[in-house]
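Participant: Okay, handing you the structure first.
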Amino acid sequence: MKPGDIVLIRFPQADLKSGKLRLALIIAISPSRHRDLLLALISSRLHQATLGFDEIINTSDSDYITTGLKVASLIRLGRLTSVESSVINARLGNISLMQVLLLQRSILGNAPCTLIETVKLEA
């Protein structure tokens, strides 16, 4: 697994109760020895978007076909969690590495990118 992968996981609720199976995007992988995954919830409820913060994946996007999504969806950057990779149920697809970098910068604001594992772009 790598940043940009779209996965299926029992996404924890904000009150730490067990969540339902949901789609999530791997935003980053911890550089520590535990290699925990930083995930953002993916939802098809586009009306819940926080303008200027969340990211919509439209069916017309050039990399939509690689996502494995069935409908336009919302990457909810306000709904993040950190998990061990062993709790991932399945991998559905991925978004472009450039899009991952833009999302990482959105989350961090002006913080230096060395705080997260940076994705190496392939030429």
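Values in this text are rule-based calculations from the coordinates and carry no lab data. What you are looking at is a predicted structure, and each value in this text was computed from that prediction instead of being measured. Every residue, glycine as well, gets a Cβ built from its backbone with ideal geometry; the counts of neighbours run over all protein chains shown.
Participant: Sequence-distant or interchain residues sharing an amide H contact under 5 Å with E55, placed H: which?
Facilitator: Counting only residues 5 or more places away or on other chains, the set is I75, L77.
Participant: Once the piece of chain linking L92 and M1 is laid out straight, how much longer is it, given 0.36 nm per residue of separation minus the C-alpha distance between them?
Facilitator: 31.7 nm
Participant: Let me ask you something else. Label points 7 Å out from Cα along the Cβ direction at S44 and R10: separation in nm?
Facilitator: Going by the 7 Å Cα→Cβ label model, 2.3 nm.
Participant: Which value in deg cm²/dmol, rounded to the nearest 500, describes the helix-derived mean residue ellipticity at 222 nm for the chain, given -39,500 (n - 2.57) per DSSP H run of n ≥ 4 and division by the residue count? Please list the in-between numbers first.
Facilitator: Details: 1 runs with 12 residues, N = 123.
Per the formula, -3000 deg cm²/dmol.
Participant: Mind checking the full-extension length gain between S82 and I65? Use 0.36 nm per residue of separation minus the Cα-Cα distance, one decimal, nm.
Facilitator: Between S82 and I65, full extension yields an extra 3.5 nm.
Participant: Now, a different point. Tell me which label goes with the value of Kirkwood radius over Cα pairs in Å computed from the coordinates here: (1) 14.2; (2) 15.9; (3) 14.7.
Facilitator: Working out Kirkwood radius over Cα pairs in Å from the coordinates points to (3).
Participant: Pull up all non-local amide H partners of R22: gap of 5 or more, or a different chain, and H-to-H distance under 5 Å with H placed in the peptide plane.
Facilitator: I9, R10, F11
Participant: Between R35 and S18, 0.36 nm times their residue separation minus their Cα-Cα distance comes to what?
Facilitator: Result: 3.9 nm gained on full extension.
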